[in-house]
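Okay, structure first, notes after.
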Amino acid sequence: MYMFWKKKQSESKLVAQSIAESELSIEALKKSLVQMDDAQFVEIDISDIRKIHLVYIRTLIDQEKLNESIVKPLTHCSKPSIQECIMNSSIIPISIFIEAKKQLFSGSVLLFDSSQNLWLAVPLKLPKQKPSCSEQKTALVNK
């Protein structure tokens, strides 16, 4: 029984490792994030022949910033490069799966332009919220 469990465990590790080392693709990300209810995969039509895919974790990003700095500019963009459409100084090119996941979990939106086979990460992390007045009072009382 122990040998079977150990073999099954090592097979699971191999599957996880092969996914982690796989080529960066929408399909690989979907497989990797299948258990996450807040993982979002969105497709934006820029033209009849061009689509941009967005991948993000809803609870880690600022939705308002997403709409203002990525979705609206992309839907009104006629430029050949998506970097020219998005006015964000910290656009990060991504080429490997592990880096894509790292960016996702740090609050970035991944963009994939299939016409150029180009992956980018745009940081849109939620700002840290300040504690409310009651939380501050509680912290002072507890000291």
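In nm, what is the difference between 0.36 nm times the number of residues separating Ile44 and Glu23 and their Cα-Cα distance? Before the final figure, lay out each step's value.
Details: separation 21, 0.36 × 21 = 7.56 nm, distance 2.24 nm.
Working it through step by step, the gained length comes to 5.3 nm.
Sort Arg58, Arg50 so that the residue with the fewest other Cβ atoms within 10 Å of its own Cβ comes first and the one with the most comes last. Write down the numbers at each step before the final one.
Details: Arg58 12, Arg50 15.
In increasing order of surrounding Cβ atoms, one gets Arg58, Arg50.
Under a crude label model (7 Å from the Cα following the beta-carbon direction), how far is Gln63 from Met36 in nanometres?
Going from the Gln63 label point to the Met36 one covers 1.7 nm.
Since every read-out is calculated from the coordinates, none of them should be taken as a lab result. As the structure is a computational prediction, the values presented were derived from the model and not from experiment. Reconstructed Cβ throughout: ideal geometry from the backbone, glycine too, with neighbour counts over all protein chains shown.
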